[in-house]
Amino acid sequence: MRKWIAFLMTAMMMIAAVSCAPASESSSQAEESSAAQESSAAEESQVEEDSAAAENSAAENEGASEFTTATEGVLTMATNAEFPPYEYYEGDTVTGIDVEIAQAIAVKLGLTLQVEDMEFDSVISAVQGGKADIGMAGMTVTEERLEEVNFTESYATGVQVIIVTEDSDITSADDLFAEGANHTIGVQLATTGDLYTTEDIEAAGLGTVDRYNKGADAVMALKNGKVDCVVIDNEPAKAFVEANEGLKILETEYVTEDYAIAVSKDNEALHTAVDAALQELIADGTVQSIIDKYITAE
Ligand code: GLN
């Protein structure tokens with residue numbers, strides 16, 4: 001059933017991608033014509049060159065004025081920097097895959113990136129309320145979220161996995177759904193791990209879901225014997241298991257999902273611009289090279 005939903009989501013993203021194609025085409029045409037402008041300006045005298053440059057930047061500003069951002073000239077990204085390797089702290093700075101992709105999008109749009117770290121639970125409302133321009137937090141596209149925000153094309157895939165202690169009697173996902181099962185499952189509040197287990201396990205009377213603000217706190221609860229397992233995305237799961245002895249990730253996966261960027265439904269121009277920039281970065285291999293920098297293939 002989850003696979004079916006995932007398939008549906010993928011199909012929807014494909015339709016979205018197709019319907020967005022003209023937008024990215026027109027933006028690359030705009031780039032071409034501005035490049036042509038630039039090269040013809042180079043052949044003219046200095047004065048003309050200056051006025052061509054002025055025209056060029058006017059043209060850029062015109063493009064930029066098609067969309068508005070929370071702060072002029074700034075792309076504000078709402079995230080939850082508890083999700084390595086997508087977003088996490090290195091010293092005082094938030095870094096990771098999402099931050100680097102957002103940075104590349106900001107450059108394409110002529111904006112400066114600003115990262116706002118907040119609870120995962122607040123990311124969508126920050127975007128909805130216009131406090132942030134984009135929400136990027138290893139965020140899965142779900143039907144519920146699609147009612148609240150727009151999503152770009154997907155730029156990465158996530159898998160919900162199950163972390164247990166090495167001596168756990170839970171050996172596969174099926175154990176969580178077995179008749180008479182009664183496990184306590186740790187999740188990060190409002191993530192898909194929370195949504196799925198709440199629906200599939202708690203509502204079905206097969207166990208209890210304990211919700212933590214940070215994935216790392218859920219993992220601590222597992223170490224301390226307060227929960228029997230943690231359902232969380234595979235990449236942070238790997239980082240948490242590496243950092244904590246005595247834990248392992250079960251081989252059976254819970255569900256596969258698509259990560260995308262959330263943009264307000266009230267800012268369609270920004271959604272189009274961010275989506276077009278992302279699609280260009282996917283097409284030219286930038287997104288893959290950023291992902292490869294952080295995630296080494298097994
Ligand atoms: N992919 C999960 C979700 O979208 C978890 C994201 C996160 O914890 N940052 O709910």
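The values are calculated or read from the model by the stated rules, or taken from the named source; none is laboratory data. Since the model is a prediction, treat every value here as computed from it, not as a measurement. All Cβ positions, even for glycine, are placed from backbone atoms using ideal geometry, and neighbour counts span all protein chains on display. To get the accessible areas, we keep the full protein, side chains included, count just its heavy atoms, and leave off ligands, DNA and RNA. Shrake-Rupley method; radii C 1.70, N 1.55, O 1.52, S 1.80 Å.
Highest mean packing first, where packing is the average number of other Cβ atoms within 10 Å per residue, the peptides 94-106, 178-190 line up as 94-106, 178-190.
Taking every protein chain into account, the accessible area of the range 228-298 amounts to 45 square angstrom per residue (probe 1.4 Å). Between VAL74 and TYR89, the simple spin-label model (points 7 angstrom out along Cα→Cβ) gives 2.0 nm. Accessible surface ranking for LYS265, LYS238, 1.4 angstrom probe, highest first: LYS265, LYS238. For the range 85-148, the equivalent ellipsoid derived from the alpha-carbon gyration tensor has semi-axes of 20, 15, 12 Å in decreasing order.
Counting only lysines at least 8 places from LYS248 when in the same chain, those with an alpha carbon closer than 20 Å to its own are LYS214, LYS223, LYS226, LYS238. In this structure the amide hydrogen of ASP233, modeled in the peptide plane, comes within under 5 Å of the amide hydrogens of VAL161, none closer than 5 places in sequence on its chain.
Annotation: GLU153 carries an accessible surface of approximately 50 Å², with a 1.4 Å probe and no ligand, DNA or RNA atoms counted.
Across the accessible surface of the range 152-298, with the other protein chains kept in place and a 1.4 Å probe, carbon and sulfur atoms take up 46 percent.
Put the Cα centre of the range 72-109 next to the Cα centre of the range 113-132 and the gap is 12 Å. Amide H to amide H, with H built 1.01 Å from N, GLN188 comes under 5 Å of ASP194, TYR212, counting only residues 5 or more places away or on other chains.
In this Cβ point-charge picture (+1 for Lys and Arg, -1 for Asp and Glu), the range 208-264 has a dipole of about 300 debye about its Cα centre.
If the chain linking LYS226 and GLU166 were pulled fully straight, counting 0.36 nm for each residue of separation and taking away their Cα-Cα distance, it would gain 20.1 nm.
HN-Hα J couplings of the range 146-152 from phi, Karplus 6.51/-1.76/1.60, θ = phi - 60°, integer Hz, Gly and Pro as x? Once rounded to whole Hz, the list reads 5, 6, 9, 9, 8, 10, 7. Separation of the range 165-196 and the range 205-224, taken as the distance between their Cα centroids, equals 10 angstrom. Summary value for the range 146-251: 39 percent relative contact order, contacts being C-alpha pairs under 8 angstrom separated by 6+ residues. Accessible surface ranking for THR191, THR68, 1.4 angstrom probe, highest first: THR68, THR191. Extension gain, ALA269 to TYR294: 0.36 nm times the residue separation minus the Cα-Cα distance gives 5.9 nm. Once the Cα-Cα distance is subtracted from the 0.36 nm per residue extended length, the GLU242 to ALA204 segment shows a gain of 10.4 nm. The residue among VAL115, GLY91, THR69 whose Cα reaches farthest toward the positive pole of the charge dipole of the range 67-149, with charges on the beta-carbon of Lys, Arg, Asp and Glu, is THR69. Rounded to the nearest whole Hz, the Karplus-based 3J(HN,Hα) values (6.51 cos²θ - 1.76 cosθ + 1.60, θ = phi - 60°) of the range 111-124 follow the sequence 10, 9, 7, 10, 9, 10, 8, 8, 4, 4, 4, 9, 4, 5, with x at glycine and proline.
Among the lysines, which have Cα under 25 Å from the Cα of LYS265 when same-chain residues fewer than 8 positions away are ignored? The reachable lysines, counting only those whose Cα sits under 25 Å from LYS265, are LYS108, LYS131.
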